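There's a structure below that I have some questions on.
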Amino acid sequence: MVATGTIKGITLKILAAKRWKIIRINLLNNQHRLKNLNYKIHQLADLILNIEAEMRTIALWETTHPATDSLKSLAPFCHDKLYFHQWLQWVFLPKMRTVIETETDMPATSDIFPLAEYSFQKMEHSTQQLLQLIKQFDRLISRH
């Protein structure tokens, strides 16, 4: 009986040690993911601030809030009610600020650069810096 108990004790200790090692490895992996997520969130916050600053610099920032029904459009990018730069200001930036503040609902991918490039083609403003910031945003979000 004692030998069996000792064997079971050793077996339990070995199983517990293996389980602890697995738990520890999982915790380290989660810490690494959280560290990367925090870094990504800080980079994202910087980009959002820079996008807003650039929009203000090139006079694409509007002081008049669009009609409420314009913001409730079901069309992608509210393209039936808003210009792309209005969507950036009134829909995209507030949504991304919420994502940053709550650290939830982080999009898995982003590909808004092609639409931004198309939308800004005929603008009088120099939008090259803004386009570069949007491209950086897409890359940052889509990086895993």
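No value in this document is a laboratory result; all are computed from the given coordinates. Bear in mind the structure is a predicted one, so any value in this text is a computation, not a measurement. In this analysis, Cβ positions are derived from the backbone assuming ideal geometry, glycine residues included, and neighbour counts consider all displayed protein chains.
Quick one: order Thr104, Thr127 by neighbouring beta-carbon count within 10 Å, fewest to most. The partial results should precede the final answer.
Numbers: Thr104 8, Thr127 21.
The order, fewest Cβ neighbours first, is Thr104, Thr127.
Additional query: Using only the alpha-carbon atoms of segment 43-142, report the extent along each of the three principal axes, biggest first, to the nearest angstrom.
Extents along the principal axes, in whole Å: 32, 30, 23.
While we're on this one: Once you have the Cα-Cα distance between Ser110 and His125, take 0.36 nm times their residue separation minus that, and quote the gain in nm to one decimal.
Taking 0.36 nm per residue and subtracting the Cα distance, the gain is 3.0 nm.
Any idea how far apart Tyr118 and Ser73 come out in nm if each label point goes 7 Å out from Cα toward Cβ?
Reported label-point gap for Tyr118 and Ser73 is 1.3 nm.
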